[in-house]
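These notes are about the structure you will find just below.
The values are calculated or read from the model by the stated rules, or taken from the named source; none is laboratory data. Predicted model, so just to flag it, every value in this text is computed and none were measured. Cβ placement follows ideal geometry from the backbone for every residue including glycine, while neighbour counts extend to all protein chains displayed. What goes into the accessible areas is simple: the full protein's heavy atoms, side chains included, and nothing from ligands, DNA or RNA. Shrake-Rupley method; radii C 1.70, N 1.55, O 1.52, S 1.80 Å.
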Amino acid sequence: MHKNSSYIGCLLLALLILTGCLKDEVGGIRVATDTTVDVHAVTRQVGYFLFHAGGPWTATSSAPWLRVVKDSGPGGTDTLFVVTTEKNLTGTDRMAQVVIRSGGYDEVLKVKQTGEYALFDLDPKTYTVPAEGGLMDVTFRTNVPDSLQLYVSSSFAERLEDLREKESARTRKEAEGSLNWLQVVPNATKDTLRGYFLLAISHRQYAGRVDLDSLLIVQPPLPASDSETKE
């Protein structure tokens, strides 16, 4: 009788251990969205995955440039958000893995950060225009010249003159890399003027644009005597 009790006790213990393992593995992970998402080459780009976990879950990112916004949660349906923390200046696409783990199961997701970049060649990103105006002595680097767009804040746009001739052979593409075809008029006001230049591309998935780099433009006022002459 003692031997049988010991045998039954061992069986119960084994059953409890097995049941515990099964509980850990029940459910798994099911991803409802694509398992790969694309984000642009700048910071604060957000991607997400909708999934269902059969139990408590954790999530980790394999890359320092990608952060998991919420890295754990209870079982059930949830959304995993990721956000870029660094620009991709490699010139090529790069990939990160995000692993969701629940009950002994792993689901590997992928985030691709595209390699598009455009950078103003100034650090810090500030350019001071002389009070008397003149050509924009600003250059930039990009690997997407055909799709790059230049935006100017409305507060400064009216102060610019485009020196390119409509019939000239000097095209926008030939001027890429420099803004020396833009001339700023003199600042005859009494205030320091500020505006922004933005290098951007169109967003492939949503309406709108993605700003790849920005430049603050500052123009001090003319001296009082010159300002009165300009007026």
- [ ] Could you run through the range 61-81 and say how many residues are among the aromatic types (Phe, Trp, Tyr) and outside any loop (DSSP other than H, G, I, E, B)?
- [x] 1
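Residues checked against (1) in contact with a Pro (Cβ under 7 Å, 6 or more places away or on another chain); (2) modelled with pLDDT under 95; (3) more than 24 Å from Ala200 (Cα to Cα); (4) not hydroxyl-bearing (Ser, Thr, Tyr):
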{"residue": "Glu107", "(1), (2), (3), (4)": "no, no, yes, yes"}
{"residue": "Lys112", "(1), (2), (3), (4)": "no, no, no, yes"}
{"residue": "Leu122", "(1), (2), (3), (4)": "no, yes, no, yes"}
{"residue": "Phe140", "(1), (2), (3), (4)": "no, yes, no, yes"}
TODO: Kindly provide the set of residues from the range 31-42 that are in a loop (DSSP other than H, G, I, E, B) and open to solvent by 40 Å² or more (accessible area, probe 1.4 Å), ordered by number.
DONE: Ala32, Thr33, Asp34, Thr35
Task: Residue list for the range 108-139, restricted to those being out of contact with any Asp or Glu (no Cβ under 6 Å at 6 or more places or on another chain), in contact (Cβ under 8 Å) with a residue 60 or more places away in the chain, open to solvent by less than 50 Å² (accessible area, probe 1.4 Å) and assigned to a strand (DSSP E or B) - done: Leu109, Val111, Gln113, Tyr127
Open item on the list: Could you tell me how many of the residues in the range 88-101 are in contact (Cβ under 8 Å) with a residue 24 or more places away in the chain, in contact with a strand residue (DSSP E or B) (Cβ under 8 Å, 6 or more places away or on another chain) and not aliphatic (A, V, I, L, M)?
Closed with: 4
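Mind listing whichever residues of the range 73-107 are of a type in the set (A, V, I, L, M, F, W, C), closer than 12 Å to Ala41 by Cβ and open to solvent by less than 80 Å² (accessible area, probe 1.4 Å)? Give the derivation first.
Let us first name the residues in the range 73-107 that are of a type in the set (A, V, I, L, M, F, W, C), namely 80-83, 89, 95-96, 98-100.
With closer than 12 Å to Ala41 by Cβ added as a condition, the list becomes 89.
Matches in the range 73-107: none.
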